[in-house]
Amino acid sequence: MKKWIIISVIIVVIGGASAWFLLGNKDQTQSVEAAAQTTTAQKGKLEVAVSGSGSVTAITDQDITAANTILVVDSVSVAAGDTVDKGDTLVTFINGDLVTAPYAGEITSVSVSSGSGASQGTILLRIEDEDEVIAPVTRVDSSVSTDSSSGGSTGGSSLTADTVSVKEGDVIEAGATLVTFTDGSILQAPVAGTITSLSVASGDSVQSSATVAHITNYSTLQTTISVDELDVTKVVVGQGVKITASAFEDETFEGIVTNVATVGTATNGVSTFDVTVQITDPKNLKIGMSTEASISIESKEDAIYVPVEAVYTSGDEKYVLVPTSSDDSTQSTNKITVETGISNDTFVEITSGLAEGDSVQIPRVQSSGNSSQGGMMMPGGDFPGGNFRGENSGGRSGVGAPTGGQAPSGGGQGGN
């Protein structure tokens, strides 16, 4: 008998503890099921943007070789319309080099004049032969001869440096003379920038293919970002860009899209495309710094907008839930059909159905019977333009929809 009494007491204790646990758990679950949250329709500027990360590079960053040398024209002996015989002198350079007619014919056009510079391969003029074939005559042509009395040369595979006019660290303008050679040819800077390396000195023999100097322009910078294939179709040359850099957290830089790649790079089944952005005013940015760029795709002033999770979709209908109060202070909601406009990852424009300041309900935290397993129930919707992905390029939004809602592409179907 005593054993039965003891067992009964244990059962009562255990039963009481279970009841306490269940009641306590129920109270905890009820505390999670707080009243639905509300927010108000806002009015202001709504922007849709595509973003990506990259690093700062120089727009101008190139090697300069001796193949870029020029010879200065001393005189031009012919004019358009002249008839010449093979071997007639066409152009004379200040170092004595001559360019002669490769065959008899008529001069159809002349592209140089006294004092102008001609790099190797520059078209000096065009000549039409007896078969009415028009061909160009260049500085480097089989008909170029050398005046031995002047020590001139035709700008062959090797040149001897006479004077080097710059040093490493010099900031130069396009067209500045870098090196003059003993044959009278001149190497000029094709672009403006800083001489970051120089590998020639007076008396050096230089091969035409050899790199003589390197020029980098630190005042014209750019950043290249990777944009998801679903977003790149919205990006065009000329769009404005907001740029931030990790090194300058409180500063925003302006930019403009200058190039959109036509060929993408596929990684794990997802393709991205390089978008090049010129930084309008680099200020203190340095080459190699990491950047985040946000390309403005679309914006609207004085737009009425609400959080994207406030808009539900049922078939072709989009609606919001507007909270109301009855005489007995009980809360309820009215279903208001709306029309939507532009949207990003955070907000969607309401073009019809709401006014500024109107309250709308947004999803609440709802327990599934265990307080540790509650989840945020979020409305889905087929919003204009597809998924809301304005500020976060490359990410596919996927959120659950409430009963009767339709999840956006990439999202899961809402629970019942």
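The values are calculated or read from the model by the stated rules, or taken from the named source; none is laboratory data. Everything numeric here is computed off the predicted structure, so don't read it as measured data. With ideal geometry, Cβ positions are generated from the backbone for all residues, glycine too; neighbour counts draw on all protein chains shown. For the accessible areas, the whole protein counts, side chains as well, though only heavy atoms, and no ligand, DNA or RNA atoms are used. Shrake-Rupley method; radii C 1.70, N 1.55, O 1.52, S 1.80 Å.
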- Cα-centred dipole magnitude for segment 252-315, charges only on beta-carbon of K, R (+1) and D, E (-1), debye, nearest 20: 260
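For segment 159-272, what's the relative contact order in percent, using C-alpha pairs closer than 8 Å and at least 6 residues apart?
On the way: 181 pairs, mean separation 21.6, N = 114.
19 percent.
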- Query: Can you give the Rg to Rh ratio of segment 155-199, both from alpha-carbon atoms, with Rh computed by the Kirkwood formula?
  - Reply: 0.98
- Any idea what % of Cα-Cα pairs in segment 164-242 are farther than 19 Å? 52
- Query: Is the shape of segment 42-96 best called rounded, prolate or oblate, per the rule: a/c under 1.5 gives rounded, else a/b larger than b/c gives prolate, else oblate, with a ≥ b ≥ c the square roots of the Cα gyration tensor eigenvalues?
  - Reply: prolate
- Note on the structure: Mean projected area, convex hull of alpha-carbon positions in segment 197-335, reported to one decimal in nm², is 17.1
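Please compute the length gained on full extension between residue 79 and residue 205, using 0.36 nm multiplied by the number of residues separating them and subtracting their Cα-Cα distance. Before the final figure, lay out the partial values.
Details: separation 126, 0.36 × 126 = 45.36 nm, distance 3.70 nm.
That works out to 41.7 nm of additional length.
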- Message: Tell me the relative contact order for segment 44-118 as a rounded percent, counting alpha carbon contacts under 8 Å between residues six or more apart.
- Response: 32
- Simple spin-label model, 7 Å along Cα-to-Cβ: residue 108 to residue 252 in nm? 5.6
- Item | Within the accessible area of segment 225-327 (1.4 Å probe), percent carbon and sulfur | 46
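How much area per residue is accessible in segment 183-276 when the probe is 1.4 Å and only protein heavy atoms are counted (Å²)? Before the final figure, lay out the partial values.
Numbers: 4510 Å² over 94 residues.
Spelled out: the 1.4 Å probe surface of segment 183-276, per residue, equals 48 Å².
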- Message: Sorting check: for 260-270, 277-287, which peptide has the highest mean count of neighbouring beta carbons within 10 Å, and how do the rest follow?
- Response: 277-287, 260-270
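Tally Lys/Arg at +1 and Asp/Glu at -1 over every other residue whose Cβ is under 9 Å from the Cβ of residue 304; what's the total? If you can, show how the numbers build up before the last one.
Details: positive: 43; negative: 302, 349, 356, 358.
Spelling it out: positives minus negatives among the neighbours equals -3.
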